[in-house]
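One structure is given here, and the rest of the page talks about it.
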Amino acid sequence: MGLLDKLGFGKKEEKLQEGLEKTRTGFLDKMGKALVGKDKVDDEVLDDLEEILITSDVGVKTTLEVIRRIENRVARDRFISSSELQKILKEEITGLLKEHEPDRPAEFEAELKQKPHVILVVGVNGVGKTTTIGKLSNMYKLAGKRVMLGAGDTFRAGAVEQLKIWSERADVPLIQQGHGADPAAVAYDTVASAKSRGADVVLVDTAGRLHNRKALMAELGKIKRVMGKVVDGAPHEVLLVLDASTGQNALQQALAFTEVVDVTGLALTKLDGTAKGGIVIGISHEMSVPVKYIGVGEKIEDLQVFDRARFVQALFEKTVAGSS
Amino acid sequence: MFEDLSSKLENAFKSVTGQARLSDINVAETVREIRRALLDADVNYEVARSITSKVKEKALGQGVVASVTPGQQFTKIVYDELAWVLGEEKEEITFSDKPPTVILIAGLQGSGKTTFSAKLAKWLKEQGKTPMLAAADVYRPAAVDQLKTLGGQIDIPVYAIKEKDAGRVATEAVAEAKKNARDVLIIDTAGRMHVDEYMMNEVADIKKSVNATEVLFVVDSMTGQDAVNTAKEFNEQIDFDGVVLTKLDGDTRGGAAISIKTVVNKSIKFISTGEDMDSISPFYPDRMAQRILGMGDVVSLVERAQQQYDEVQARKLQSKISSDTFNLEDFYGQLQQVKKMGSMKDLVGMIPGMSKQLGDTEIDDESLKPIEAVINSMTIEERRRPQLINGSRRKRIAKGSGTSVKEVNDLLKQFNQMKKMMKTMTKMNKMGRAMEGLKNMTGQQKIN
């Protein structure tokens, strides 16, 4: 049975405000109660689940996929307890999120295969690339790694200065050629200095660019290519930064950036608001790319390694994702 | 995967073309498609639900305009609803009687406030104002530098201080603007999360202390479902006067515009479309509605068809096709109808997916001329009974129309093929309709 069969029908239109304020808490209990001993999930429960997923920006397609999986699983294991059902629900959603890869560990203490380990950070305008780099450099540094930064956003006014302040906060060296310089040259320079100075981790910033701007995307491809000329296999990680408040367009972004620079990991920022960032579920599933980090504030320590179970749990809570 | 709503609606309606009324049955599936499309375009869940229920109400019982497909007509209903929600006309910003007019810019992190502030300053300058900028984002590293650099590029003064006190920057900037006879002051503030009480209080305090004439809430057009939460919270705290949608040069549908307008009922006053200092423009609700639907210009097509097309004539035509009495005279009438609707190229361009299908094939009105000429050179009897046209008549027609016998032959051949095809299509349509009806009836039971 298609979920959308039910959309908008037979249900009295609720007052908008009420709908928006409807609490997510208690959904799991409700779902459990409605289901014990049955081999079918009640429509009402599915409606609620659909609403939670859609309003978390999971998107129609992935929401339907989640519902389909849960229905199949429940049809198979008919007599289940409510706690089992909650587990199933979380497992099915978690299963859509790709696991971390051993070759590219997210943990800062982990041993890195390459030296230097080169990370290129990309994304559209305003998602928080520079801030994420600032936080990452601090984490790596605290974990005992020798870190170096490259100011590859030579376009936006103030971007180089912004990264410089972060590099001072984290106390790591910054390679820069100032505003208006060729970003590919900055990237080349950064990786070359990192190599000669024996750095462990290199983080290269890039200017925000909308993924439908052909010329700017081509420029990004070039930035990536020159890095490989200095260090074999560089960049070893291409981190796409996504804003948690972004809706379905994030998928277009992920597809376009992957086409040009082959994204290997995602960083989801601004999870300290009320946005849930559900779009990463579909992206991670469809493109087989793991979410590696989440940003939860403006302070240098406000970054965490992504935890699938906690992220999924947070979808069903009113509270902030990632907050301890 | 990015299928346009209008083509989705086409599919949903494949089976009911020619049906005289939009019925419960054919509306149900369509409403589902619309709802999905709205959600895909990031319109908020509840807002999408309320829009589709209104659309459903309007669509039920409405007569089908014969010359457009029900899918196209439905798109028009949705479009009208969206455009209505977005506001009937554009709204301007308010200027104070006692200069300076103080414009306060607020929003989430990364929404594009600083860039917009500079663009707005330039835009106002071009309208003869003497704006000044104030750098009240004292938190983000180098935000003040960014605004200063932009101010330098557009040659507009920027007020900033060394101390990290946003309130002080704002109040001092007002005094500075007065002193230097700048008639508009634009205050750029730090990005803030709507759940951050301290920061929300700060911006509310600034609004009060500078007695802001106009407060603009800046939103990234790529925002998803959370747009309603942030807009509501900002509106409660600072009661903003207008909304600015940024980054519309991307390929986002921008459904957040609908959500925000619905939830806080404040007008969208500007859109921002790039990093260039000139890429700012007033907001046009109709264009936004079209963008959200991703629909080419189906609206104008439907409107033109509604104006130009005679429904009775269209029905006559259909019965002629099915009774096999469609002749060259009818064909000629058809051509004239199409021509009345506008140039072929325009018409083709308005049909979603059509221009892509045709690729580079040139279509122009000139190509219709020889066809018209050939038909014009026939006698009425020949047009009504094309089978009369023998060899000598063909020669005469070719001579009269300034074409060749081959062209006359081609036209007649094409006409016969078309007639055959039309007949098969009508038959298939009838059958398809019966099948779909059955399917929909069973589908209905499931829904209720």
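Data table
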| read-out | value |
| --- | --- |
| Options A:Thr258, A:Thr274: the member that is out of contact with any Leu (no Cβ under 7 Å at 6 or more places or on another chain) and within 9 Å of another protein chain (Cβ to nearest Cβ) | A:Thr274 |
| Number of the condition not met by A:Val320 [criteria: (1) closer than 23 Å to A:Ile52 by Cα; (2) modelled with pLDDT of 95 or more] | (2) |
| Residues (of a type outside the set (D, E, K, R) and assigned to a loop (DSSP other than H, G, I, E, B)) located in segment A:169-194 | A:Val172, A:Pro173, A:Gln176, A:Gln177, A:Gly178, A:His179, A:Gly180, A:Ala181 |
| Test: residue in segment A:102-123 that is open to solvent by less than 10 Å² (accessible area, probe 1.4 Å), within 14 Å of chain B (Cβ to nearest Cβ) and touching a helix residue (DSSP H, G or I) at 6+ places or on another chain (Cβ under 6 Å) | yes |
| Where B:Gln153 falls short, out of the listed (1) open to solvent by 10 Å² or more (accessible area, probe 1.4 Å); (2) modelled with pLDDT of 95 or more; (3) of a type outside the set (Ser, Thr, Tyr); (4) within 28 Å of the chain's Cα centre (by Cα) | (4) |
| Out of B:Ala118, B:Ala106, sole residue that is within 14 Å of another protein chain (Cβ to nearest Cβ) and touching a residue at least 60 places away in the same chain (Cβ under 8 Å) | B:Ala118 |
| Set A:Asp153, A:Asp200, A:Asp189, A:Asp182: member being in contact with a Lys or Arg (Cβ under 7 Å, 6 or more places away or on another chain) and modelled with pLDDT of 95 or more | A:Asp200 |
| Segment B:67-88 - residue that is open to solvent by less than 10 Å² (accessible area, probe 1.4 Å) and modelled with pLDDT of 75 or more and, of those, farthest from B:Ser50 (Cα to Cα) | B:Gln73 |
| Any hit, segment B:276-283, residues being within 14 Å of another protein chain (Cβ to nearest Cβ), touching a residue at least 24 places away in the same chain (Cβ under 8 Å) and in a loop (DSSP other than H, G, I, E, B) | yes |
| Test: residue in segment A:295-315 that is closer than 29 Å to A:Glu109 by Cβ, polar (S, T, N, Q) and assigned to a loop (DSSP other than H, G, I, E, B) | no |
| B:Glu163 being under 20 Å from B:Ala142 (Cβ atoms), in a loop (DSSP other than H, G, I, E, B), open to solvent by 10 Å² or more (accessible area, probe 1.4 Å) and assigned by TED's automatic domain parsing to the domain that holds B:Val219 | yes |
| Selection within segment A:212-236 - open to solvent by 20 Å² or more (accessible area, probe 1.4 Å), within 14 Å of chain B (Cβ to nearest Cβ) and in contact (Cβ under 8 Å) with a residue 24 or more places away in the chain | A:Asn212, A:Glu219 |
| Condition check for A:Val41: modelled with pLDDT under 90, surrounded by 14 or more Cβ atoms within 10 Å (Cβ to Cβ) and part of a loop (DSSP other than H, G, I, E, B) | yes |
| Boolean, A:Leu239 is assigned to a strand (DSSP E or B), more than 14 Å from chain B (Cβ to nearest Cβ), within 25 Å of the chain's Cα centre (by Cα) and touching a residue at least 60 places away in the same chain (Cβ under 8 Å) | yes |
| Residues satisfying the stated conditions in segment B:234-250, i.e. touching a residue at least 60 places away in the same chain (Cβ under 8 Å), closer than 20 Å to A:Asp243 by Cβ and within 26 Å of the chain's Cα centre (by Cα) | B:Val244, B:Thr246, B:Lys247 |
| Conditions (1) buried (at least 17 other Cβ atoms within 10 Å of the Cβ); (2) within 38 Å of the chain's Cα centre (by Cα): number failed by B:Glu197 | (1) |
| Selection status of A:Val124, over 20 Å from A:Val226 (Cα atoms) and in a loop (DSSP other than H, G, I, E, B) | yes |
| Matching residues, segment B:382-399, being part of a helix (DSSP H, G or I), at pLDDT below 90 and open to solvent by 80 Å² or more (accessible area, probe 1.4 Å) | B:Arg384, B:Gln387 |
| Test set (1) modelled with pLDDT of 95 or more; (2) within 14 Å of another protein chain (Cβ to nearest Cβ); (3) not in a helix (DSSP H, G or I) - B:Lys148 fails condition number | (3) |
| Checklist (1) open to solvent by less than 40 Å² (accessible area, probe 1.4 Å); (2) at pLDDT 55 or above applied to B:Met350, failing item | (2) |
| Some residue of segment A:185-198 being within 30 Å of B:Asp251 (Cα to Cα) and open to solvent by 50 Å² or more (accessible area, probe 1.4 Å) | no |
| Options B:Ala256, B:Ala289, B:Ala231, B:Ala212: the member that is within 14 Å of chain A (Cβ to nearest Cβ) and in contact (Cβ under 8 Å) with a residue 60 or more places away in the chain | B:Ala256 |
| Meets criteria (at pLDDT below 90 and under 30 Å from A:Thr55 (Cα atoms)) for B:Val47 | no |
| Residues located in segment A:149-175, provided they are closer than 11 Å to A:Asp205 by Cβ, more than 12 Å from chain B (Cβ to nearest Cβ) and surrounded by fewer than 23 Cβ atoms within 10 Å (Cβ to Cβ) | A:Thr154, A:Leu174, A:Ile175 |
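Residue by residue, here is whether (1) within 14 Å of another protein chain (Cβ to nearest Cβ); (2) under 14 Å from B:Ala106 (Cβ atoms) holds:
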{"residue": "B:Glu126", "(1), (2)": "no, no"}
{"residue": "B:Thr130", "(1), (2)": "no, no"}
{"residue": "B:Ile154", "(1), (2)": "yes, no"}
{"residue": "B:Val158", "(1), (2)": "yes, no"}
{"residue": "B:Lys162", "(1), (2)": "no, no"}
{"residue": "B:Ala175", "(1), (2)": "no, no"}
{"residue": "B:Lys178", "(1), (2)": "no, no"}
{"residue": "B:Ala190", "(1), (2)": "yes, yes"}
{"residue": "B:Val195", "(1), (2)": "yes, no"}
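The values are calculated or read from the model by the stated rules, or taken from the named source; none is laboratory data. What you see is a predicted model, and the numbers here were worked out from it, not measured in a lab. All Cβ positions, glycine included, derive from the backbone under ideal geometry; neighbour counts span all protein chains shown. Surface areas here come from the heavy atoms of the whole protein model, side chains and all, with no ligands, DNA or RNA. Shrake-Rupley method; radii C 1.70, N 1.55, O 1.52, S 1.80 Å.
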